Each structure stands twice: as structure tokens, then as C-alpha cells.
Amino acid sequence: MNRMDSLKDKTKKHLVIYTMAGDPEMKATETAIYSLADAGVSLIEIGIPFSDPVADGPTIQRAGEIAIAGGTTIANTMELVKKVRKTVETPMVFMLYYNLILSYGTEKFIDDAIKCGIDGAIIPDLPFDEEEGFYEYAKKSGFYIIYLVSPTNTPSRMKKIVEKSSGFVYYILQKGVTGARKKSSGELKELRVIKKIAKKPVFAGFGISTPEQASVVANYADGVIIGSSFVSLVEKCGSDMAKLKVETGKFVKSFLKRL
């Protein structure tokens, strides 16, 4: 059984938080993971930095640059996950680009991710209809690959993506890259369509930066995904781990009470 199966719980709205591994250092990522789990998030996304992050906005790009400069890799991020898994039961997934997986070795990546305690992967630059061998190996191994649905997808393509995605469906609220916005201008009407055809949870992300925005989106989706605004919080806390722990708890609470 995959830990992400807990996301099927329809009695509550789910909160998913993204954090960049190694930003500003691995100790901060470790503290963030413990704090997010203690605060009650449903899923933790751990970003792996990449030199050409085509889907990321300036906040996450900056975090990735810091992480790369600090020597963050898939391998040492897996070591961190293995450490925190001794006490953390919250589902965790990697969010990374396919070039990194190819360099690491596709089957080796899945095998090692499972061994360290990662439950799946979100790969923004991997279309659902490519790399079938990778998908089949993941499926056979019980490792969930989460695909992204865009407002620009045709209805037929959207249906195929929804059917193939494992764990949940990641709906991109708006065109463009990630990043906190003052207003959520996403195509919420598409969420109704996707929820009708999906037999799994549908979570929405890209551009949700405030509890108020999350509350609106949660009326349409099973959960919300917060990225850049949490990465900004980590940046502000710097190397102050005690502050990061406290501020993470406040941050999560502010969203959960609006869902």
C-alpha cells in the first residue's frame, strides 16, 4: 500500500506544501519536513534543484540556485528522506525534472526512492504519453507518478492524463510558471469537469499564495498545493531553525483553518 492512498479521504480538504531540498541548507529542509508533518499537512513535496527549471517562477528558481550551490543532489536528498522517515509518516513525493532522473538512471531512481521512503514523483516536463517504460516500471513497483493537467489541455487529452495519474491529479490553475500571486486567476470551472471524470483526488496549485485564495480553490478541488509562498517563508527564516519551526506551524495553521 502506498502512503498516498490516505489522500483518498474525502472527509477533509487536503493541504500540500512544497519545499526545496537544500535551501538554504539541508538542515533547514529537515526542520521544514518535521515541522510540516507535525502541523498536519496531507502531503509534502520535496523539490530537487535543476539548472533549467522551466516550470518554476523566480522564488523557486532562486531557492534552486542556492541548493545547487550548496551541493544538493538526488542522492543526498534521499539520504535526508531516509533519516526523517524514521519518525515521519506523512506521504512525501519528489518534484523534479526528467533530465535528473535520466542522469540518475530511471529504474535506479524508482528503486532508491522507494527504499528511502518517497511515495511518488511529480515531473513537470514529462508528458503522460512519453517514457512508457518508466511509467510501467513505476506502476509495477507501487511508485506513484503524478501528472499535471493544464487549462490548455483538450478535453480528450485531459481525460487521458487524469486516468493515468497515480495518487492524485495535479491541476495547474493558470498558464505560466509557479509563483505567488496577489489574485488567483485560475480556470476554476475546469476543476468541476476534472472532478467528474477523476476517480482520485484532484489538487490545484500554481499561484495560490494566501489562505483566502486557498479557501476559494478548495470549494472546487479536493486540496490545494502551496509552493512559492512557503519557499519565501523558508528564505526569510534563513538558518534560524527555531524560527523556521514556529513560523511553519503558524503558516500551515493559517491555511488549514480556511480549508
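The values are calculated or read from the model by the stated rules, or taken from the named source; none is laboratory data. Everything numeric in this text was worked out from a predicted model, so none of it was measured. Here the Cβ is made from the backbone with ideal geometry for all residues, glycine too, and neighbour counts use every protein chain on show.
A few comments on the model shown:
- Test result for G105, crowded, with 17+ Cβ neighbours inside 10 Å and either within 26 Å of L36 (Cα to Cα) or not basic (K, R) (or both): no
- Among the residues making up region 141-171, those that are part of a helix (DSSP H, G or I), touching a helix residue (DSSP H, G or I) at 6+ places or on another chain (Cβ under 9 Å) and surrounded by fewer than 19 Cβ atoms within 10 Å (Cβ to Cβ) are S141, P155, K159, E163, K164.
The rows are residues; the columns are (1) closer than 18 Å to Y147 by Cα; (2) modelled with pLDDT of 95 or more; (3) charged (D, E, K, R).
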site: A32; (1), (2), (3): no, yes, no
site: S51; (1), (2), (3): no, no, no
site: V54; (1), (2), (3): yes, no, no
site: F109; (1), (2), (3): yes, yes, no
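- Any hit, region 216-223, residues being over 23 Å from M4 (Cα atoms) and either part of a loop (DSSP other than H, G, I, E, B) or not polar (S, T, N, Q) (or both): yes
- Residue ID - surrounded by the fewest Cβ atoms within 10 Å (Cβ to Cβ), chosen from residues in region 48-75 that are within 30 Å of K12 (Cα to Cα) and touching a Pro at 6+ places or on another chain (Cβ under 9 Å): A55
- Complete set of residues in region 122-155 that are within 16 Å of D5 (Cβ to Cβ) and not hydroxyl-bearing (S, T, Y): A138, K139, G142, F143, I145, I146
- Scope region 112-138; condition part of a helix (DSSP H, G or I) and either among the hydrophobic types (A, V, I, L, M, F, W, C) or surrounded by 14 or more Cβ atoms within 10 Å (Cβ to Cβ) (or both); matching residues: D112, A113, I114, C116, F134, Y135, Y137, A138
- Some residue of region 39-58 being under 23 Å from G117 (Cβ atoms) and in a helix (DSSP H, G or I): yes
- Within region 200-226, the residues that satisfy the criterion of being surrounded by fewer than 21 Cβ atoms within 10 Å (Cβ to Cβ) and of a type in the set (S, T, N, Q) are S209, T210, S215, N219.
- Here T248 qualifies as more than 22 Å from D9 (Cα to Cα), in contact with a helix residue (DSSP H, G or I) (Cβ under 8 Å, 6 or more places away or on another chain) and buried (at least 21 other Cβ atoms within 10 Å of the Cβ).
- Qualifying residue in region 51-58 (condition: more than 24 Å from S254 (Cα to Cα), under 15 Å from the mean Cα position of the chain (by Cα) and free of Cβ contacts under 8 Å to residues at least 40 places away in the same chain): no
- Search result, residues across region 227-239 that are surrounded by fewer than 24 Cβ atoms within 10 Å (Cβ to Cβ) and aromatic (F, W, Y): none
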